[in-house]
Amino acid sequence: MADRSLTGVLLVGGASRRFGSPKALATIGGETLAERGRRVLAETCDEVLLVGKRGELPFEVVDDGTETRAPIAGVVAGLRAASHDVAVFVPVDCPWITAEVVRTLGDACRDAAVPQTGPLPGAWAKSALPLLERRLTSGPLALHRAYDELDVVTVELDPMLVADVDTPGDLSARG
């Protein structure tokens, strides 16, 4: 379904242990990773939400409402808060993602659309919410473990565009 309305969700709830400081506040090209992610999502999404742990960053977020430190917590919170049936989730530490990749994932989504590299970044539909809510409560927490119970489309994308940064060195190597 081309050109569907999308909610863009920037996941900012990671602990950033390996990075050493909040990734959302790291800079590249004169903007923070949070500003960059929000800008890219706004280029193609009708609504943009930032989801994480309230009080951990100097800007407002949709609180994921759980002590769990796993991407599934952000996906569940984002789907609950989304105005649209499909939301594209981008971790704040994926600074090279493009609006074209966001749109491609959103348009391909059935219950989910994910790159060949894994479940995030990825598009998830509200139809997946009941299963993800159960898994958030009782496990397993890994998003890819839900694939066998959902209609998931794998989208071949340039791995460099969906790569994440785990350390400041990762960011400066390509920055």
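Data overview
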{"read-out": "Residues (open to solvent by less than 60 Å² (accessible area, probe 1.4 Å), within 22 Å of Thr98 (Cβ to Cβ) and either free of Cβ contacts under 8 Å to residues at least 40 places away in the same chain or assigned to a loop (DSSP other than H, G, I, E, B) (or both)) located in the range 142-169", "value": "Leu157, Leu161, Val162, Ala163, Val165, Asp166"}
{"read-out": "Total residues in the range 98-112, condition surrounded by fewer than 23 Cβ atoms within 10 Å (Cβ to Cβ) and either under 13 Å from Met160 (Cα atoms) or not β-branched (Val, Ile, Thr) (or both)", "value": "9"}
{"read-out": "Some residue of the range 65-72 being outside any helix (DSSP H, G or I), in contact with a Gly (Cβ under 8 Å, 6 or more places away or on another chain) and either at pLDDT below 95 or surrounded by fewer than 19 Cβ atoms within 10 Å (Cβ to Cβ) (or both)", "value": "yes"}
{"read-out": "Residue that is farthest from Cys45 (Cα to Cα), among those in the range 115-141 that are open to solvent by 40 Å² or more (accessible area, probe 1.4 Å) and not in a loop (DSSP other than H, G, I, E, B)", "value": "Ser138"}
{"read-out": "Enumeration of residues in the range 32-88 that are more than 15 Å from the chain's Cα centre (by Cα), over 26 Å from Ser172 (Cβ atoms) and not small (Gly, Ala, Ser)", "value": "Asp46, Arg54, Glu60, Thr66, Glu67, Thr68, His84, Asp85"}
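The values are calculated or read from the model by the stated rules, or taken from the named source; none is laboratory data. Since we're looking at a predicted model, the values are computed, not measured. We place every Cβ from the backbone using ideal geometry, glycine too, and count neighbours over all the protein chains shown. Just the protein is used for accessible areas: all its heavy atoms, side chains included, with ligands, DNA and RNA removed. Shrake-Rupley method; radii C 1.70, N 1.55, O 1.52, S 1.80 Å.
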